[in-house]
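Inspection log for the structure reproduced underneath, given as structure tokens.
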Amino acid sequence: MVAMLTSDHKEILRELALYTTFLASALSPTAVPTFCELLFGCMLSGQGFVTQALLSINNFQCVWSSYHHWLSQGKWRWRSLACRLIQLVCSKVPRGELINIGLDDWVVERFSDKAPACRPHHQHSKKRNRPTYIWGQCWVSLAVVFERAKDEVFTAIPVLSFPSPASGNASKLKIAVAMLKVVRQEVKVQGLRLLTDCWYMNWTLMQPVLEMGYEVVGQIPLNRALYALPLESTAKKRGRPKKYGIKMTPPEVEKLPEYQTTVRIYGRFRKIRYRTRVCRARFLKGRKVRVVWGRFENDKGLTESRIFIATNTGLEGIDILRIYAKRWPVEPMFQQIKHSFGCRQLWQQKLRTLLRWMHLKMAGYALLQLLTVCKNQASVGISRIPWRDQDTTTAGMLRFALAGIIPRLPIREGWNRYSQKYEFNFNSLTDGIVKEKKKAA
């Protein structure tokens, strides 16, 4: 049995044990064995049920109800786990580089009227088989965006989520500000860059975010007022100097020089036409921003113009387009954690229990994605599929590869309570026989 583990398997498992040890410091030592079983169960399970997570590890040692009791009544804080996850993921960004934080929201459909944080939400995908408004939970999420050096693919790793409440004055903007404040408190050394779409690009969010030291790159609606910088006058005039120049209406934008280039963004090479200029944004109280008006060329011609801004006016126009393209991996991340990792089946009845289980599921997915980024070569070695590109690996592919190894290892015994470390014992591989379970967690 031991001979089946290759050097790539052992390298991945050792790295996974280091990540688990780091996250386990957010809990009490007595709760860590139960936490490890549920964490690896979340990692290997494709559904959102607690029982399914336990069945996926195959060798859990406590009764079923004890795990549910630990999730709902255990004395631990989900925010402490989220803070450790933020520190772990951000520590993998190279020193001196800005940490790209993607901000967006997603909806999990629910049917029960008693489900926590449920209310009607607008269905933005406009699918024909669904109503305009759906009943569900709207989660506001933050993700750290990486670029895998091997295949130049952007990967988003979730670190923090919170649902929009069913009632009250806590809007998604206030929730996003509070979450970004948590990230800023956990990451004090490196610079942070926020990437978001046009819904979040307003004064309510950007004013506190800019005060926290974030650099912001995002898309804004076409109706936002932008003004050129006023011409400097040598003659002295009465009154304060002009703050705004001419308004950048579509005819004024057409007067700017147009640049054409071909760059690799959104997964392929695209032809782009864009114009750029430093302007003052009225919705940011006259702050200077670098504005880019861009259009893509496709088989049907040119797409409609979109406006992108960056608070760092030293960036070039093409650089802003490349940076904003890093926000796109957040969308497939939502699809994967919702459908492939079971976050659409989180049926907890209390908000605290729901937040605990959601961040456990997110941590399981995040560790797999982190392995594909930090240990890419070893991940490709154990999860390569013949009909996929040779250098391609994903969290789903790595999960299938580990599903045949982790359930055969004694997960609970891997935690050493004396050294406070988690280690896999490669010499204790089993044949998958499940023993009788009588202990309580």
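The values are calculated or read from the model by the stated rules, or taken from the named source; none is laboratory data. What you see is a predicted model; the values in this text were computed from it and never measured. Using ideal geometry, Cβ is built from the backbone for each residue, glycine included, and neighbour counts are taken over all protein chains shown. Keep in mind that these areas ignore ligands, DNA and RNA; they rest on the heavy atoms of the full protein, side chains included. Shrake-Rupley method; radii C 1.70, N 1.55, O 1.52, S 1.80 Å.
Here are the numbers:
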{"read-out": "Filtered trypsin sites (Lys or Arg not before Pro), the stretch 189-240: DSSP coil and at most 14 other beta carbons within 10 Å", "value": "LYS236, LYS237, ARG238"}
{"read-out": "Per-residue HN-Hα couplings for the stretch 276-288 [Karplus 6.51, -1.76, 1.60; θ = phi - 60°; Hz; x = Gly/Pro]", "value": "9, 6, 7, 10, 10, 8, 5, 6, 10, 6, x, 5, 6"}
{"read-out": "Residues of type aspartates and glutamates that LYS285 reaches as a straight line, Cα spacing below 15 Å, ignoring anything fewer than 8 places off in the same chain", "value": "GLU211"}
{"read-out": "Partner aspartates and glutamates for LYS242 [C-alpha distance under 13 Å; skip if fewer than 8 residues away on the same chain]", "value": "GLU232"}
{"read-out": "For the stretch 38-142: relative contact order, % (alpha-carbon pairs under 8 angstrom, 6 or more apart)", "value": "19 percent"}
{"read-out": "For the chain, size of Cβ-based charge dipole, Lys and Arg +1, Asp and Glu -1, in debye", "value": "1760 debye"}
{"read-out": "Relative contact order [Cα under 8 Å, 6+ residues apart], the chain, whole percent", "value": "24 percent"}
{"read-out": "Approximate spin-label separation SER80-SER28, in nm, with each point projected 7 Å along Cα-to-Cβ", "value": "0.9 nm"}
{"read-out": "Sparse-neighbour loop sites [GluC sites (Glu not before Pro); the stretch 290-391; at most 14 other C-beta within 10 Å; DSSP]", "value": "GLU304, GLU316"}
{"read-out": "With Cα atoms, 0 to 90° folded angle of helix 7-24 axis to the chain main axis", "value": "80 degrees"}
{"read-out": "Alpha-carbon centroid distance for the pair the stretch 72-150 / the stretch 162-204, whole angstrom", "value": "12 Å"}
{"read-out": "Top of ALA170, ALA17, ALA115 by mean-square fluctuation, Gaussian network on the chain, Cα under 10 Å", "value": "ALA170"}
{"read-out": "The chain: angle of helix 78-91 to the longest principal axis, Cα-based, in degrees nearest 10", "value": "70 degrees"}
{"read-out": "Mean residue ellipticity (222 nm) of the chain, computed from DSSP H runs ≥ 4 via -39,500 (n - 2.57), nearest 500", "value": "-10000 deg cm²/dmol"}
{"read-out": "The stretch 27-108: trypsin sites (Lys or Arg not before Pro) falling in loop per DSSP and having at most 12 other Cβ within 10 Å", "value": "LYS75, ARG95"}
{"read-out": "For GLY381, net neighbour charge (Lys/Arg +1, Asp/Glu -1) across residues whose Cβ lies under 9 Å away", "value": "-1"}
{"read-out": "Partners for LYS126 among aspartates and glutamates (Cα-Cα distance below 15 Å; same-chain residues under 8 apart left out)", "value": "GLU109"}
{"read-out": "Listed residues LYS285, LYS126, LYS243, LYS300 arranged by accessible area, highest first, probe 1.4 Å", "value": "LYS300, LYS126, LYS285, LYS243"}
{"read-out": "Highest-MSF residue in the chain out of PRO131, PRO158, PRO33 [GNM, Cα springs under 10 Å]", "value": "PRO131"}
